[in-house]
């Protein structure tokens, strides 16, 4: 992108991202209390963590949407633990691929993760070309490149990654500020607030009986998913 194009593009994109962040990040911070481990939600309907709440139409997922178990992850693309979780989650899910549908929501969990929402929107935009998961993994793999970047440079970085994935760059640039993409990212933030996500990565598991479990760390997620008898 030329300098003038970047400035205009960033101005439009960041304005949209800022509006989402104003609504999302303070609410997540306000929800933080004592970190939890595995919690069985007493009333999933009231807590807005039913299968329908956590897996709305258009949410990015892997596996059969009708699989008996739903696993939902909330992660921040600038969270080091979330980057660590990528391969571990893939390995765990591979052991139960016929029984689990996995859903991912990208959010911003810390105020200094200033590129998190731009990165989440980049994944959404890549998804419009059928490459959400490729962008998703590339963003986590290149997470360190976004540390401390001002918005114009963060946009340049996602564009470089998009090019490396062979995306149609005209479409990708347009989709980054497309209303559908912005709404998709904002929707994930809204769901995180309603589900009282306090840290990343946070996982929810909805069982075939309609029970919802909240696992507030990668360790608890791996332990629960690999414990014999939990996934039947």
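Just a few scattered comments:
- Distance (nanometres) between label positions extended 7 Å along Cα→Cβ at residue 81 and residue 149: 2.4
- Ranked 194, 87, 228, criterion: other C-beta atoms within 10 Å, fewest first: 228, 87, 194
- Per residue, the convex hull spanned by the alpha carbons of region 86-232 comes to 123 Å³.
- Neighbour-count order for 69, 77, fewest beta carbons within 10 angstrom listed first: 69, 77
- Sites residue 98 and residue 47, calculated FRET efficiency, Cβ-Cβ separation with R0 45 Å, nearest 0.05: 0.95
- For peptides 167-177, 212-222, sequence by mean Cβ density within 10 Å, most packed first: 212-222, 167-177
- Per-peptide average of other Cβ atoms within 10 Å, ordering 52-61, 108-117 highest first: 108-117, 52-61
- Taking 17 Å as the cut-off, the amide N atoms of region 98-112 that come nearer than this to a point 7 Å along the Cα-to-beta-carbon line of residue 165 belong to 103-107.
Computed from the coordinates by the stated procedures, all read-outs in this text should not be read as laboratory data. The structure displayed is predicted, hence computed values, not measured ones. Using ideal geometry, Cβ is built from the backbone for each residue, glycine included, and neighbour counts are taken over all protein chains shown.
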